[in-house]
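Handing you a structure now.
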Amino acid sequence: MDRKKSKLGSFLKKLYRKYRERHFRRYRGMSVQEVFSSIYKENVWGGEKGTFYSGSGTANPKTAEYINMMTGFINSHNIRSVAEIGCGDFSIMRQVLQQVDVQYTGMDVVPDLIAHHLEKNANAKTQFLVKDAISEPLPKADLLIIRQVLQHLKNNQISRILQKLDNFKYAIITEHLPITEDVEYNLDKVTGPHIRMRMNSGVFIDQPPFSLPGVSVLMEYREDDPVKKKMVPAVMRSYLVTIKQS
């Protein structure tokens, strides 16, 4: 009887996930560039029309902890060059760069967003590139930053990015993760504006199917997430990946 209940519960969970994903079917036939261009154009993550806004994750006052951590890491590890996948609205790294001396390359798949940054934020030490990190090679740097980006991608896309870390000494990868007792690691999803939290899942890079080596938790802080009118216990976790140099 317990086995039958378990199978039924598993089936109902899968059915519910498919039901949840129906809201994002329109993104299925789009390229990654089309998906995120649409998100910014339609202000799906908020912000005033005609502006680029990467969502509450960049405006939350708790990001001060992340900025302090990132500034400290760069200064204490002799970091001279930084690359970022999914630079978004640049609000976080702008504050970090005011406190460190590095060569920074911000990458995003949205051409209009990068054109905006080239006009408003580029200088001798800060450059921006239109780059699909899934399908294109990445520039070399001491440190790679990926902050709340992988959570929007499919698992096979995440894997393709994680296979490219050899260009860096370190990577700091930050994800919003549930910490419930029955959390399920790395459930797959459609690429889009949503994350796995509603499926009681998240991107745990140290767990299958990724199982990335050289991973430790650099920092995390509590950041519960409202799901279906309930607060899901969650953290904002920054993983440090130390890459072995060949």
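Over 24 Å from SER76 (Cα atoms), buried (at least 21 other Cβ atoms within 10 Å of the Cβ) and of a type outside the set (Ser, Thr, Tyr): does that describe LEU150?
Against the criterion (over 24 Å from SER76 (Cα atoms), buried (at least 21 other Cβ atoms within 10 Å of the Cβ) and of a type outside the set (Ser, Thr, Tyr)), LEU150 qualifies.
Okay, next question. Within segment 160-176, is there a residue that is surrounded by 18 or more Cβ atoms within 10 Å (Cβ to Cβ), of a type in the set (Lys, Arg) and in contact (Cβ under 8 Å) with a residue 24 or more places away in the chain?
The answer is yes, given that some residue of segment 160-176 is surrounded by 18 or more Cβ atoms within 10 Å (Cβ to Cβ), of a type in the set (Lys, Arg) and in contact (Cβ under 8 Å) with a residue 24 or more places away in the chain.
Scan segment 75-125 residue by residue and report those that are over 18 Å from ILE173 (Cα atoms), buried (at least 21 other Cβ atoms within 10 Å of the Cβ) and not hydrophobic (A, V, I, L, M, F, W, C).
Of everything in segment 75-125, just one residue is over 18 Å from ILE173 (Cα atoms), buried (at least 21 other Cβ atoms within 10 Å of the Cβ) and not hydrophobic (A, V, I, L, M, F, W, C), namely HIS117.
A further question follows. May I ask you to list the residues in segment 79-100 that are touching a residue at least 12 places away in the same chain (Cβ under 8 Å), assigned to a loop (DSSP other than H, G, I, E, B) and not basic (Lys, Arg)?
If the condition is that a residue be touching a residue at least 12 places away in the same chain (Cβ under 8 Å), assigned to a loop (DSSP other than H, G, I, E, B) and not basic (Lys, Arg), then ILE79, GLY86, CYS87, GLY88, ASP89, PHE90, GLN99, VAL100 are the ones that fit.
Determine which single condition PRO208 fails, assuming it passes every other condition in (1) within 15 Å of the chain's Cα centre (by Cα); (2) within 19 Å of ILE161 (Cβ to Cβ).
Checking PRO208 against (1) within 15 Å of the chain's Cα centre (by Cα); (2) within 19 Å of ILE161 (Cβ to Cβ), the one that fails is (1).
Take the residues of segment 177-205 that are in a helix (DSSP H, G or I) and aliphatic (A, V, I, L, M): which is nearest to ILE39 (Cα to Cα)?
MET197
Let me ask something else. Within segment 145-163, how many residues are of a type outside the set (Val, Ile, Thr), touching a strand residue (DSSP E or B) at 6+ places or on another chain (Cβ under 9 Å) and within 15 Å of PHE210 (Cα to Cα)?
Residues that pass the stated criteria total 3.
Ok, one more. If you scan segment 53-78, which residues turn out to be in a loop (DSSP other than H, G, I, E, B) and at pLDDT below 95?
Listed by number, the residues that qualify are TYR53, SER54, GLY55, ASN60, PRO61, LYS62.
Given the criteria assigned to a loop (DSSP other than H, G, I, E, B) and buried (at least 16 other Cβ atoms within 10 Å of the Cβ), does PRO208 qualify?
For PRO208, the condition - assigned to a loop (DSSP other than H, G, I, E, B) and buried (at least 16 other Cβ atoms within 10 Å of the Cβ) - is not met.
Something else about it: Exactly one condition in (1) closer than 30 Å to ARG222 by Cβ; (2) of a type in the set (Lys, Arg); (3) touching a residue at least 40 places away in the same chain (Cβ under 8 Å) is not met by LYS154; state its number.
(3)
While we're here: Say whether the condition of being over 18 Å from the mean Cα position of the chain (by Cα) and either among the hydrophobic types (A, V, I, L, M, F, W, C) or buried (at least 16 other Cβ atoms within 10 Å of the Cβ) (or both) is met by at least one residue in segment 51-63.
no
Does ALA133 count as in a loop (DSSP other than H, G, I, E, B) and touching a residue at least 60 places away in the same chain (Cβ under 8 Å)?
Judged against the criteria, ALA133 is not a match.
Pick out the one residue from VAL235, VAL190, VAL227 that is under 29 Å from VAL110 (Cβ atoms), surrounded by 14 or more Cβ atoms within 10 Å (Cβ to Cβ), modelled with pLDDT of 95 or more and among the aliphatic types (A, V, I, L, M).
On inspection, the qualifying residue turns out to be VAL235.
When segment 211-246 is examined, which residues are found to be β-branched (Val, Ile, Thr) and either part of a strand (DSSP E or B) or touching a Cys at 6+ places or on another chain (Cβ under 7 Å) (or both)?
If the condition is that a residue be β-branched (Val, Ile, Thr) and either part of a strand (DSSP E or B) or touching a Cys at 6+ places or on another chain (Cβ under 7 Å) (or both), then VAL215, VAL217, VAL227, VAL232, VAL235, VAL241, THR242 are the ones that fit.
Pick from segment 146-169 the residues that are more than 8 Å from the chain's Cα centre (by Cα) and hydrophobic (A, V, I, L, M, F, W, C): which of them is nearest to GLU136 (Cα to Cα)?
Filtering segment 146-169 for residues that are more than 8 Å from the chain's Cα centre (by Cα) and hydrophobic (A, V, I, L, M, F, W, C), the one nearest to GLU136 (Cα to Cα) comes out as ILE161.
Condition first: of a type in the set (Phe, Trp, Tyr) and under 15 Å from the mean Cα position of the chain (by Cα). Now tell me which residues in segment 73-97 satisfy that.
PHE90
Which condition breaks for ILE39 when tested against (1) among the aliphatic types (A, V, I, L, M); (2) in a loop (DSSP other than H, G, I, E, B); (3) closer than 18 Å to GLY192 by Cα?
Condition (2) is where ILE39 drops out.
The values are calculated or read from the model by the stated rules, or taken from the named source; none is laboratory data. Because the structure is a prediction, the values reported are computed rather than measured. Backbone-built Cβ (ideal geometry, glycine too); neighbour counts: all protein chains shown.
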